[in-house]
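Here is the structure we will look at, set down as structure tokens.
The values are calculated or read from the model by the stated rules, or taken from the named source; none is laboratory data. Because the structure is a prediction, the values reported are computed rather than measured. Cβ placement follows ideal geometry from the backbone for every residue including glycine, while neighbour counts extend to all protein chains displayed. Please note that ligands, DNA and RNA were not included when accessible areas were found on the heavy atoms of the full protein model with its side chains. Shrake-Rupley method; radii C 1.70, N 1.55, O 1.52, S 1.80 Å.
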Amino acid sequence: MTMAHVGAVVATVTGVIALLLHSSIHKIEEGHLAVYYRGGALLTTPNGPGFHIMLPFITTYRSVQTTLQTDEIKNVPCGTSGGVMIYFDRIEVVNMLVPSAAVDIVRNYTADYDKTLIFNKIHHELNQFCSVHTLQEVYIELFDIIDENLKLALQKDLNAMAPGLTIQAVRVTKPKIPETIRRNFELMEAEKTKLLVSAQTQKVVEKEAETERKKAIIEAQKVAQVSEIHFQQKMMEKETEKKISEIEDAAFLAKEKARADAEYYTAEKTAQANALKLTPEYLELMKYQAIAANSKVYFGQDIPDMFVDNNAFQPRIQDEEDTVSTDLLESLGKAKKTKKAHRTDSKGG
């Protein structure tokens, strides 16, 4: 065997080994799970992320995603109860497969399980919904609940058919409708918009009127409160003046009462003093002092009595005037007789 033949054999063996290694070594990405088929039969042992070795040409594998994934179903036809055909441009279904249920779901629905369990189910449930609702309901009135209804219907069936596959969310785009119907809807929406604008304008006017009314009420309440405060202030001032007047009156009354008591006490003591002072001896003394203070005394035969000026007596003995005058007249009569007798004696001598 020549060297050329040896080189060709070595190259062939090397190529075969390389081909076998390439066919047997494979890599699984993170978030995925590898399920294996050997001779078309599904093996029960999957592998996780990383490099793995399998029998070349005999064993094959499929990578199944076990993290959140979004499946898109495009251009889904739907016929309404009125016979109008509409199309949903895109429906997105967010789902996740539990790793422990991957082998069973792949065995029952293949590695492309989402086509059977999600895609076909979306078509069925959406047509069921449209068939019992009008275009007005599907396109406008009930459009906001379509995604939630699809999610609940899908999850209900998956719980029975494929436990371990969960639906996280469903997103539905606005359906495409015939152009003539779309224009009618646009006109209707324009009229609704005008109606809403008119209603909102009316509400604004009502709110402004209500605001003005409340403002007027607040102003009136403020004026009433200010008037009430002024009234209360005046009432307090009057009450204060009344209390001050009562205090002054009480003080004046007490002062006058004290002065009257003092005058009464003085008069009482003066009366008591006069009662002790106006004795018969003192009155006799006062009588002679009054006679001595008389400025004019007339004597004669034709004047039986003596005239005395009324101002000769002091006010302090006025109460005893009658008694003193009687005694004085008697004394003057005796004195006059005595003087006459002296005068007769003088002439005889």
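Charged side chains reduced to their Cβ positions (Lys and Arg at +1, Asp and Glu at -1) give the range 102-196 a dipole of some 140 debye around its Cα centre. Of Tyr139, Tyr113, the order by accessible heavy-atom surface (1.4 Å probe, DNA, RNA and ligands excluded), from most exposed downward, is Tyr139, Tyr113.
Note on Asp104: accessible area is roughly 80 Å² with a 1.4 Å probe, heavy atoms of protein only.
Ordering Met286, Met96 by accessible surface, largest first, gives Met96, Met286; the 1.4 Å probe counts only protein heavy atoms, with every chain in place. For the range 138-147, putting each phi into the Karplus relation 6.51 cos²θ - 1.76 cosθ + 1.60 with θ = phi - 60° gives couplings of 5, 7, 10, 5, 10, 5, 6, 10, 5, 4 Hz, in residue order, rounded to whole numbers and with x for Gly and Pro.
Ranked by the mean number of other Cβ atoms within 10 Å per residue, highest first, peptides 52-65, 212-225 order as 52-65, 212-225. Of the peptides 181-191, 241-251, the ranking by mean beta-carbon count within 10 Å, highest at the top, reads 181-191, 241-251.
With a cut-off of 13 Å between beta carbons, the residues surrounding Val204 carry a summed charge of -2, where Lys and Arg count +1 and Asp and Glu -1. Between the beta carbons of Ser131 and Gln69, assuming R0 = 22 Å, the FRET efficiency works out to 0.15 to the nearest 0.05. The range 223-240 and the range 107-139 have Cα centres spaced 80 Å apart. In the full protein context, the range 172-274 carries 87 Å² of accessible surface per residue, based on a 1.4 Å probe and ignoring ligands, DNA and RNA. Here the Karplus relation 6.51 cos²θ - 1.76 cosθ + 1.60, evaluated at θ = phi - 60°, turns the backbone of the range 203-212 into coupling constants of 4, 5, 4, 4, 5, 5, 5, 5, 5, 4 Hz, with x for every Gly and Pro. Cross-linked pairs Lys151/Lys174; Lys151/Lys192; Lys255/Lys277; Lys121/Lys174; Lys194/Lys215: Cα-Cα separations exceed 22 Å for Lys151/Lys192; Lys255/Lys277; Lys194/Lys215.
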